[in-house]
Amino acid sequence: MQVDLRILRYDPERDKKPHWERYRVESGPMDRVLDLLHTVKWEQDGSLTFRRSCAHGVCGSDAMLINGRNRLACKIRVDQLGRKVSVAPLPGLPVVKDLVVDMEDFFAKYRSVEPFLINDSPAPPRERLQSQEDRERYDDTTKCILCAACTSSCPSFWAQKSYVGPAAIVNAHRFIFDSRDEGADERLEILADADGVWRCRTIFNCSDACPRGINITKAILEVSSAIVERRV
Amino acid sequence: MPSAPALLQRFPRLASGGDAHREVLMNVLRYRGREGMVAWAFHRISGVGIFLFVVLHVIDIYLVGGDPRAYNELLAFYASVPGRFLEVLLGAALLYHALNGMRIIIIDLWPTMTAYHRQIWWASWVIFVAVGVPGAAIILRPIWLPILRGIGVA
């Protein structure tokens with residue numbers, strides 16, 4: 001199948017602003033958008049720049065705006081999109097070059113919610129045990145791969161870049177509701193800020209964009225309920 | 001009172017002028033969000049519309065004492081054909097804003113309902129039509145009744 005591929009290109013050393021470029025690419029029946037990008041880079045224009053690592057939906061490197069929605073280029077098949085495919089960098093994040101965005105601020109916000117186990121009580125001789133029900137409580141939010149598809153799809157984030165964003169809240173949720181963790185109060189305090197959970201407008205773009213199918217809006221609302229009730 | 005630089009830091013959109021606004025608008029227009037985003041966009045648009053009406057309403061009530069002739073003219077406009085269509089639009093904005101507001105409250109209070117936010121939105125449209133169409137028919141009665149009488153139906 002011949003695909004009409006449009007890519008939003010930007011080279012800071014050459015271009016004043018981003019511009020669209022068209023490519024005609026032959027696509028196989030099981031090809032994904034990442035395969036199209038590879039074809040362009042390897043056969044048509046070696047200067048095309050994008051991130052990808054595992055190429056199998058695990059590392060979260062290749063989230064992009066594909067046909068108007070944030071998705072992983074390695075996960076979306078071309079036949080799910082049709083003959084016209086447009087690829088642009090994630091919205092709302094500074095573009096470094098072509099499809100590569102600056103993720104520094106995104107990861108700084110991730111780190112700001114203390115996404116690690118906090119437990120100062122003496123460690124038991126073997127592992128800290130947990131019931132299946134307790135594990136189930138935060139199962140959904142363990143799936144995050146930090147691809148930034150959610151945060152960069154959020155209109156609240158577009159409008160207020162200081163908003164901590166869905167991804168950071170998801171990763172806070174993962175520890176706040178972990179029965180082995182003792183840092184919930186600290187994290188709820190961090191997220192009770194004006195730029196914390198209250199900027200969520202329940203738009204659901206994050207949940208729709210998540211390539212791992214996490215119900216992000218639910219996680220955000222559970223965190224805001226925990227802040228109001230001061231109870232996990 | 002915070003200093004001007006502190007204020008500009010707090011509200012980066014003020015500092016960057018229209019550029020940041022334009023970027024947000026561009027993202028909103030090019031991102032193909034689903035029901036949740038459309039629901040939010042309509043909520044904002046209807047909210048702005050309702051706010052503008054409230055401002056107008058404050059002005060028209062002021063005119064009762066301030067300029068009774070202008071008040072009568074404005075009321076005559078409200079009763080005219082275009083005025084009535086604007087009134088239907090206002091009713092639609094109020095009804096949508098109220099119903100979607102209820103949807104947001106339901107989702108906020110019971111996060112498990114997030115799984116059904118699309119269904120709740122479509123259900124709110126059913127209520128919108130069920131309440132809105134008879135409401136519009138009542139508001140537009142002086143327009144459609146003479147037409148029906150003219151063709152001998154009513």
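The values are calculated or read from the model by the stated rules, or taken from the named source; none is laboratory data. Remember, predicted model here, so these are calculated numbers, not experimental data. Glycine also receives a Cβ, built like all others from the backbone with ideal geometry; neighbour counts cover every protein chain displayed. Ligands, DNA and RNA are stripped out before the accessible areas are found, and what is left, the full protein with its side chains, is counted by its heavy atoms. Shrake-Rupley method; radii C 1.70, N 1.55, O 1.52, S 1.80 Å.
Structure data summary
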| read-out | value |
| --- | --- |
| Tally of residues being in a loop (DSSP other than H, G, I, E, B) and either among the basic types (Lys, Arg) or surrounded by 23 or more Cβ atoms within 10 Å (Cβ to Cβ) (or both) across the stretch A:124-143 | 3 |
| Output for the stretch A:72-91, where each listed residue is under 15 Å from the mean Cα position of the chain (by Cα) and open to solvent by 50 Å² or more (accessible area, probe 1.4 Å) | A:Lys75 |
| Residue within the stretch A:210-226 that is more than 16 Å from the chain's Cα centre (by Cα) and more than 11 Å from chain B (Cβ to nearest Cβ) present | no |
| Residue within the stretch A:29-36 that is touching a helix residue (DSSP H, G or I) at 6+ places or on another chain (Cβ under 6 Å), part of a loop (DSSP other than H, G, I, E, B) and either closer than 27 Å to A:Cys210 by Cβ or within 13 Å of chain B (Cβ to nearest Cβ) (or both) present | yes |
| Close pairs from the stretch A:98-120: first touching a residue at least 12 places away in the same chain (Cβ under 8 Å), partner assigned to a strand (DSSP E or B) and open to solvent by less than 20 Å² (accessible area, probe 1.4 Å), Cβ under 7 Å, at least 6 apart | A:Asp98/A:Arg9; A:Leu99/A:Met64; A:Leu99/A:Val87 |
| Qualifying residue in the stretch A:21-35 (condition: of a type in the set (A, V, I, L, M), out of contact with any Leu (no Cβ under 7 Å at 6 or more places or on another chain), open to solvent by less than 20 Å² (accessible area, probe 1.4 Å) and under 25 Å from A:Phe107 (Cβ atoms)) | yes |
| Given (1) closer than 25 Å to A:Ala172 by Cβ; (2) open to solvent by 60 Å² or more (accessible area, probe 1.4 Å), index of the condition A:Arg14 fails | (1) |
| Helices (runs of 4 or more DSSP H) wholly inside the stretch B:9-70 containing at least 1 residues that are at pLDDT below 95, open to solvent by 70 Å² or more (accessible area, probe 1.4 Å) and facing chain A (nearest Cβ under 9 Å) | B:12-15, B:18-30 |
| Extreme residue, surrounded by the most Cβ atoms within 10 Å (Cβ to Cβ), among residues of the stretch A:209-226 that are in a helix (DSSP H, G or I) and not small (Gly, Ala, Ser) | A:Ile216 |
| Residue match in the stretch A:94-116 (condition: at pLDDT below 95, of a type outside the set (A, V, I, L, M), open to solvent by less than 80 Å² (accessible area, probe 1.4 Å) and within 30 Å of A:Arg180 (Cα to Cα)) | no |
| Residue within the stretch A:84-107 that is assigned to a loop (DSSP other than H, G, I, E, B) and among the aromatic types (Phe, Trp, Tyr) present | no |
| Count of the stretch A:62-71 residues which are open to solvent by 40 Å² or more (accessible area, probe 1.4 Å) and either more than 13 Å from every other protein chain (Cβ to nearest Cβ) or without any contact (Cβ under 8 Å) to a residue 60 or more places away in the chain (or both) | 0 |
| Among the residues listed as A:Ser53, A:Ser86, A:Ser61, the single one being out of contact with any Ser or Thr (no Cβ under 8 Å at 6 or more places or on another chain) and of a type in the set (Ser, Thr, Tyr) | A:Ser86 |
| Tally, over the stretch A:140-164, of residues that are closer than 14 Å to A:Trp198 by Cα and away from chain B (no Cβ under 14 Å) | 1 |
| So A:Val164, is it open to solvent by 10 Å² or more (accessible area, probe 1.4 Å) and either at pLDDT below 95 or of a type in the set (A, V, I, L, M) (or both) | yes |
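Residue by residue, here is whether (1) more than 28 Å from A:Pro124 (Cα to Cα); (2) in a helix (DSSP H, G or I); (3) in contact with a helix residue (DSSP H, G or I) (Cβ under 8 Å, 6 or more places away or on another chain) holds:
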{"residue": "A:Ser162", "(1), (2), (3)": "yes, no, yes"}
{"residue": "A:Asn171", "(1), (2), (3)": "no, yes, yes"}
{"residue": "A:Ile190", "(1), (2), (3)": "yes, yes, yes"}
{"residue": "A:Asp195", "(1), (2), (3)": "yes, no, no"}
{"residue": "A:Trp198", "(1), (2), (3)": "yes, yes, yes"}
{"residue": "A:Arg201", "(1), (2), (3)": "yes, no, yes"}
{"residue": "A:Cys206", "(1), (2), (3)": "yes, yes, yes"}
